[in-house]
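Here the structure is laid out as structure tokens; the discussion comes afterwards.
The values are calculated or read from the model by the stated rules, or taken from the named source; none is laboratory data. As the structure is a prediction and not an experimental result, all values here were calculated from the model. Cβ placement follows ideal geometry from the backbone for every residue including glycine, while neighbour counts extend to all protein chains displayed.
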Amino acid sequence: MVLEAPGRRRIQRQEDCTPSTQEVLTRLSPSSREPTPASIPAVLQPVPQLTSQLFPVSALKRIQQMLDRATRIGVTKNTCYRFRKFKASVVGAQNEAEEPTCRLIGKFDLHGFLDAKNHELILGGMFPLHSRIILVNESSDEEPTSPKCEDFNFRSLRWARAMIHAINEINNRSDILPNITLGYQIYDTCFTISKSVEGTLAYLTGQNETTPNFRCSAGAPLAAVVGAGGSALSIATARILGLYYFPQMGYASSCSVLSDKFQFPSFHRTIPNDEHQSRGMAQMVIFFGWTWVGAIAADDDYGKYGIKSFKEEVEKKGVCVAFSEILPRLYNKDGVQKIIDTLQKYTGKVIIVFSSDIDLVPLMEAVAQSNITDKTWIASEAWITSDKIAKPEYFSHLGGTIGFGIRKASIPNFEKFLYELHPENGEDELVYEFWENAFNCTWHSKRAWIYTDNSTIPTHISDKPCTGNEKLQDINNTYTDVSELRITYSVYKAVYTVAHALHDLDGCVPGSGPFIPHSMCANILDFEPWQLMYYLKHVKFTTFANESMTFDEQGDVPGYYDILNWQFYDGKINYVKIGQYVALANNYDLTIKNSSIVWNTDTGKAPVSVCSISCVPGYRKGIRQGEPVCCFDCIQCAEGEITNETDARECISCTADYWSNVHRNECVLKEVEFLAYEEALGITLIALSVFGVLIVFAVTVVYILHRDTPLVKANDRELSFMIQFSLVITLLTSILFVGKPEEWSCMARQTTLGLGFSLCLSCVLGKTIVLMLISRAAKSKSPEKTGEIPVKPIHQKCVALIGLIIEIGICIAYLLLMPPSVYKNMESQNVKIIFECNEGSIEFLCSMFGFDVFLAILAFIAAFVARKLPDNFNEAKFVTFGMLVFFIVWISFVPAYLSTRGKFKVAVEIFAILASSFGLLGCIFAPKCYIILLKPERNTEEIVGGKARMNDKSAPPTSASITSEINVATVSTVVLDE
């Protein structure tokens, strides 16, 4: 792969030189006091200090322009060195000549660690060795100065020492950069963007003045920058370094925006992208079932982007963020109090915090003062292991905190290296300041040197003098704590990553390099920043902890986090690993050991953080107007609907054959209802039906035994037997209505009932027609008409037969065209399936029973007409009563039938059948049976024939015989069977 230099402005490096100074100078046109080829030896051997007296300003400018346009071809180190000195003289002379119009307007006040002598390459490092700058009111009547820093950070000093330790290791190794030694230049960013930018410009220019696009230092070249700590600091520095494609390796900057290679083309990092952490936090919230959480973010890109990604993830899963507060970066009492007020009103238990430890300190102090103790805090990697937050006095408020920590490792010989730090081993003022803060003593002899401004002298340090005999092993300090080397290990990896990239660059085989033209290789002592970037993108190595280091296209490493839990024992807060989160290509692996977690709750169990209690199965969520979706009311499902899961949004309707149970959490088979044989009502109705049949049989037996008696023979004996037979049919038909409806039973019961009543009523009509005619004849004043009875017994049978045939025709048409069928009635009762018969065609059914009604009306009219016949046995009167009972029963049946449902509807119909059948049986046959069985003396030819007078007035009148005296003549109204 062959690469070209990117189309961007490059830093003019100190090694830039031309192959021939004489060739450059001779291109200048001769002019007064301008350099000529003859003057070159005077310039180069020896190299004089050029001044404006030797060359005019215009000539110096032209020389400088030509030198800047010179290309590096065929340069030897000796020539390059001599020409560098000449070029520096030109720059100096030009600056001297232009002093009246170009001057330095300010210098930076940068502090740190430096070891750049006798090294071929330099690594830059930026660490927040102080936590903040001292804010002063700048006056416009005096020269502004670079701000001072305060609040020494022991943790960051350990990070800086990790960089130095890694560089020392590399310099002592023979397998990495064997012929090259690395130096370092470390700046303190004071955890502010302004100091980070000052350090960045200092790196690019080589000194504490800002000279854009020029590196003026004559020392070893700067290879890369490790830093600048927090995401906000790295974003600021990466924008500047990216202009020159200068390599930057982040160790604690996890903000997702830094993965944008369009904005930050030269930024890589050894800490995972916050996108992974945000997803991991979201998955953990879902894992514990928390649906109502709060969010606090620092007022920088790290906090805002982290919380933004978290909220996007949890909202996809139905989790609501109760509040999202911004933590002021600069201390603001009102801003902190606003967050405290929100926390006190917050009804949930879980709070997500994306912030650095430095920004979070004021809030945690306020939390402790406000005695907020019932919350569970979810920490980002920036503060989960910070000693500034994990203080024993905060444990009652922050105990049980769960957070994400990046990968950790135990760096070999690092603890020993930390203990080697001592003021007498160097002249770094930061070491003296560290010593004073660590041992609470004062270097009186070094005060003026350590603190160049009285405003920076800390007031909390004791006046006890420092002796230098203090031992780091005797104190419990964050600097010497190597139990949680996470960001420290990330710094270590960042240095090794740059070293391996340089090693790969140095190992390039000429002619097989990645750069054009001619597959060139870069010179380890003379390379461009973008050339090292190529090797950084493709670097691959394995650390001592067996971790494979590679970068993806965005310059990120794979996402791996330990899930830590704050637990208090041995007199301190310990970070106990309770699980891990590994971000895979298109998935994730979240592992949590619940049994290992210590919760900050009264019960010792995981907190419940919800706006509304989850709706159990059988209930659905009811949205509260104007509130988040996580705040809802639980509404029980309607009948016939269920929910079989927690927090269901909608109820599910049961299928046709199913219905919801009492708890509305399961669909159960509907109860099937029909008038069964086994239940009491069915047994009772069947018993009544059988009892009626037995009575009819008894009447039939009586009639058979007394078939030759006048009373049985009177008014067509065969029709009486047919009436008894039809009553048996109607009574037995009621049994067909009991039991589970079947196709055959539905078709049989209504037609059988219609035929039975039709036969009965047709026979009754045949009887009553004769009585009506006799009654008309009895009332006639014509002796001829009085003695004639036009209807013979055969005519009566024909009437009954015709009525039955018509009914049979209707029934056949009914069964053939639109027959009844079984119907599952689910509308009448939701909880039951009523098995009943769908009667098919209402028209045919009405026609069938309407014909029966028609016969009943005719029989009633005929009997009613003959009801007042003077007789010994007036049968017409009892037929009239029977028809009245029939009408009353069936008229009462209609509203009762329509107002009932289910099996009771069938029971009403059976009762109507039985009542009407018993009514006809009792009214027609009971009087005759009474005479036959109890008054046999009246069952004689003379009495029945009306030829003898009745003396027994207590007996009921008998209409088997009607004697009328008309014109002193006796007319017998008894029709005897022939």
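One table, with the values for the structure above:
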read-out: Residue check for THR730: crowded, with 19+ Cβ neighbours inside 10 Å, assigned by TED's automatic domain parsing to the domain that holds SER821, assigned to a helix (DSSP H, G or I) and more than 60 Å from the chain's Cα centre (by Cα); value: yes
read-out: Residue check for ASP562: assigned to a loop (DSSP other than H, G, I, E, B), among the acidic types (Asp, Glu), farther than 30 Å from SER660 by Cα and out of contact with any Pro (no Cβ under 7 Å at 6 or more places or on another chain); value: no
read-out: Condition check for LEU343: assigned to a helix (DSSP H, G or I) and in contact (Cβ under 8 Å) with a residue 60 or more places away in the chain; value: no
read-out: Yes/no for PHE152 being in contact with a His (Cβ under 7 Å, 6 or more places away or on another chain), at pLDDT below 95 and surrounded by fewer than 21 Cβ atoms within 10 Å (Cβ to Cβ); value: yes
read-out: Filter pass, VAL701 being in a helix (DSSP H, G or I), assigned by TED's automatic domain parsing to the domain that holds THR900, of a type in the set (A, V, I, L, M, F, W, C) and buried (at least 16 other Cβ atoms within 10 Å of the Cβ); value: no
read-out: Residue satisfying condition, being of a type outside the set (Lys, Arg) and more than 15 Å from GLY754 (Cβ to Cβ), within set LEU845, LEU815, LEU801; value: LEU801
read-out: Hits in segment 238-265 - residues which are among the polar types (S, T, N, Q), crowded, with 23+ Cβ neighbours inside 10 Å and modelled with pLDDT under 95; value: SER253, SER254
read-out: Residues of segment 402-446 that turn out to be of a type in the set (Lys, Arg), modelled with pLDDT under 90 and touching a Leu at 6+ places or on another chain (Cβ under 9 Å), as a count; value: 0
read-out: Test: residue in segment 268-279 that is in a strand (DSSP E or B), touching a strand residue (DSSP E or B) at 6+ places or on another chain (Cβ under 6 Å) and not charged (D, E, K, R); value: yes
read-out: Evaluation of TRP159 against (1) farther than 15 Å from GLY227 by Cα; (2) out of contact with any Lys or Arg (no Cβ under 9 Å at 6 or more places or on another chain) (one fails), failing number; value: (1)
read-out: Near pairs, Cβ below 9 angstrom, 6+ apart or cross-chain, from segment 738-749 (within 17 Å of ILE913 (Cα to Cα)) to any residue that is of a type in the set (Ser, Thr, Tyr) and part of a loop (DSSP other than H, G, I, E, B); value: VAL738/TYR677; GLY739/TYR677
read-out: Qualifying residues in segment 593-611 (those that are of a type in the set (Ser, Thr, Tyr) and free of Cβ contacts under 8 Å to residues at least 40 places away in the same chain) - the one nearest to GLY348 (Cα to Cα); value: THR603
read-out: Qualifying residue in segment 583-603 (condition: part of a helix (DSSP H, G or I) and under 30 Å from VAL557 (Cβ atoms)); value: yes
read-out: Hey, ALA714 among the small types (Gly, Ala, Ser), modelled with pLDDT under 80 and in contact with a strand residue (DSSP E or B) (Cβ under 6 Å, 6 or more places away or on another chain) or not; value: no
read-out: Those residues of segment 164-189 which are of a type in the set (Asp, Glu) and closer than 18 Å to LYS540 by Cα, in sequence order; value: ASP175
read-out: Test for ILE962: is it at pLDDT below 85, crowded, with 16+ Cβ neighbours inside 10 Å, more than 60 Å from the chain's Cα centre (by Cα) and not aromatic (Phe, Trp, Tyr); value: yes
read-out: Options VAL712, VAL672; residue that is under 30 Å from CYS929 (Cα atoms) and either out of contact with any Pro (no Cβ under 8 Å at 6 or more places or on another chain) or not assigned by TED's automatic domain parsing to the domain that holds SER916 (or both); value: VAL712
read-out: Count - residues of segment 823-871 that are outside any loop (DSSP other than H, G, I, E, B), within 30 Å of ALA714 (Cβ to Cβ) and charged (D, E, K, R); value: 1
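A quick yes/no check of all residues on (1) surrounded by 19 or more Cβ atoms within 10 Å (Cβ to Cβ); (2) of a type outside the set (Gly, Ala, Ser); (3) closer than 27 Å to ASN586 by Cβ; (4) touching a Pro at 6+ places or on another chain (Cβ under 6 Å):
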{"residue": "GLY289", "(1), (2), (3), (4)": "no, no, yes, no"}
{"residue": "ASP300", "(1), (2), (3), (4)": "yes, yes, no, no"}
{"residue": "LYS308", "(1), (2), (3), (4)": "no, yes, yes, no"}
{"residue": "ILE351", "(1), (2), (3), (4)": "yes, yes, no, no"}
{"residue": "PHE354", "(1), (2), (3), (4)": "yes, yes, yes, no"}
{"residue": "THR376", "(1), (2), (3), (4)": "yes, yes, no, yes"}
